[in-house]
Amino acid sequence: MTFQQFAYHNVIRNSRVYAAFFMASIFSVMVFFIYTMLMFHPNIEDKFLRDIAFGGMLIAEIILIIFTLFFLFYSMSAFLQARSKEFGLLLNLGMEKSQLNRLIFLETMILGAISITVGIFWGFAFSKFFFMVIRELFLLDSLPLYLSWKPFTLTIVVFLSLFIIISISSVVFIRKKEIIQLLKGYWKDDEQVAYEKWKAILGLVLLFTAYSLVVISLFKMTFWITFVIITLAIVGTYLFFTDSMLLIINQIRKRKSFYWRPFHLIVFADGSIKIRENARMFFVVTIVSTIAFLSVGVVTSFTSFTTQYRELNPISIFYSSDWDNPFEKEHIMKLSQELQRENLSYELVKFNVKKQTSSSSHEEVNVIKESEVNSLALSLKIPLVDLTQGEAILVPNTQEDIGSLSPHEEQTVLEESSVPIQIIGEFENYIFPSLAIKHRSLIISDEDFELVTEPLSGFGLKESMTTFYAFHVPEWLRTKEVGADIDRVMVESIGTSEVNPNPFYFVNPGLNYSIIRATFSLLLFTGLLVAAVLLLAAGSFVYFKLYTDLERDKKQYDVLRRMGVTDHELVKIVNRQLIPQFFLPWGLAMVHSTFSFIYLQAVWVDLAAVSIAKEMLFVLIAFTVIQVSYFYLIRWRYIAHIQIS
């Protein structure tokens, strides 16, 4: 048997230990390869779409590379710990340290080569399905599967480099150990479970403070508080596992009526040792799980915005024209022709908006005719306006205005035309884009509208008029190509400013929605895949640690059998020891995520008045189901191994 064959057979013989590592590595390679296939796809010619795809995939791949490097480094150290006695035996039989280092390098590279090959195979196999999803998200005509050397080369180079780095660094865990240390293993039977009380209390205080700041942010949102909350949560989480949990267990031990119950003594005595040994692992799992929850939660919250987008933009295409707009007829004709070319039926409502001065506020107001509003209301299938002469209602300028405006039966006069009106309420729907209506707007009766004949003070009659064109298109999602040239002029001229220098204003929600939908959906898809990698790795951390301590646990359970503990009772003990290891870090991650979602809700309310409660609840429930399923899978395999005599 050659040295290479010996290394290969070692990998096969230890397949049980390497199983989770192998699966997580394959999945990481597969996700990375799929992202790379989209980045280099030749059919994405649109610059904006290519920037979205390339930017989103690049960020996701950087996250994957950094995390995979950390994951591989941690998992390899766990494997070497689990096989420490094997390495000690090989050295005792005469193997040199250089040969052992070479053996570890070869084994790691064999695992890496298999993981890369299988990961690329499955990645290419699922690329077609991935492209079908992306084609629907970006509303592209086609996005076929293609062959190119770039995705394959980039994936192989990146992951081969990662495995080489891990292979070289892994020997550090063996190089500093003597033979007797390797033969004894990495765990200690006489380990003293110690903690510092002030650190234990500090950990609880930091977590409580972080959660309190989240609640405070609901009332007063400040940007700097985000970094304070993150820092407090991270430090508090670390101290919670290293010291606070030991303090809690010590307090439980003092309650003799609870501690001296059947099997509680065994569980808590061994549990305190495991918590101390695994404190750093619990910390890593908690942080990784929290990041996974949040990555899905954040991108899922985007879907709340897209679902409410239509409510924020009820008019399919909107065009407003100032009195000095020379392009008005040309633009309206162009929009009508493009709608007809796309075979889209539409209804056009024209508004002649007059400007006056309100005597109560001494500010400029827009005056809109009741019958014109009702024509649009019929198309949009919203309640009609019913006013008598002398009455008026306010038009909400933003979604937040609905239900918040308080006219209080306000009596005012349109000063220039001396038309008295009484504001009796507000319109129940948001109909016009906020940037199109720069001032307070009133809907008045047709009779009063005809009495408004004088121009706004300081302006001519034409200057006191603005014209709105509202296109209602039932198939509004198909309007994404309508008015693209006009929209391009708007974007280029406005830039980052909120001031519109053009004599017109144009907005096509169908066009904007296609961009928003593509961006958010791609982020959601990317976030789901990255979160899946993070969750698989987080569960693998627990898996690695269980199998690192498997030989010791088997000896402990064997002693319990000899003392008369039945298999049924043994399963109860295993459950009570495994549940904290699985659900303690996961539970704290859920608490972190819950408060993070509360904070995220406050941010969304400030930005767009959007509720994400349903999406967040769905994310938490989904991850709960996944974690419970993973627990039962690992529990089944763990019990099967410890019952082998």
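Tabulate in residue order the Karplus-calculated ³J(HN,Hα) for region 572-582, using 6.51 cos²θ - 1.76 cosθ + 1.60 with θ = phi - 60°, rounded to whole Hz; enter x for Gly and Pro.
Result, ordered by residue: 4, 5, 4, 4, 6, 8, 7, 4, x, 5, 8 Hz.
Say each of Thr231 and Tyr146 gets a label point 7 Å from the Cα, pointing the same way as Cα to Cβ; how far apart are those two points in nm?
About 4.7 nm, to one decimal.
What is the fewest-to-most order of Phe219, Phe582, Phe208, Phe32 by other Cβ atoms lying within 10 Å of their Cβ?
The fewest-first ordering by Cβ neighbours comes to Phe219, Phe208, Phe582, Phe32.
For Arg440, which sequence-distant residues (separation of 5 or more, or a different chain) have an amide H within less than 5 Å of its own amide H, given hydrogens modelled in the peptide plane?
Asn366
Quick one: what are the phi-derived ³J(HN,Hα) couplings along region 515-520, Karplus 6.51/-1.76/1.60 with θ = phi - 60°, whole Hz, x for glycine and proline?
Couplings: 5, 4, 4, 5, 5, 5 Hz.
On each of the three principal axes of the Cα atoms of region 315-514, give max minus min coordinate, whole Å, ordered largest first.
Here the spans come out as 47, 36, 30 Å, largest first.
Taking other Cβ within 10 Å of each residue's Cβ, how do Val574, Val296, Val228 sort, fewest first?
Numbers: Val574 18, Val296 26, Val228 13.
With the fewest neighbours first, Val574, Val296, Val228 line up as Val228, Val574, Val296.
Express in whole angstrom the spacing between the alpha-carbon centres of region 414-453 and region 554-601.
Taking the Cα centre of region 554-601 as reference, the centre of region 414-453 is 66 Å away.
For a quick check: sort Met30, Met132 by the number of other beta carbons within 10 angstrom, fewest at the front. Each step should come with its number before you reach the end.
On the way: Met30 24, Met132 13.
Result, fewest neighbours first: Met132, Met30.
Bear in mind that the values in this text are calculations on the coordinates, not laboratory data. Everything quoted here is computed from the prediction, not taken from an experiment. Glycine gets a Cβ as well: all are built from the backbone with ideal geometry, and neighbour counts include every protein chain shown.
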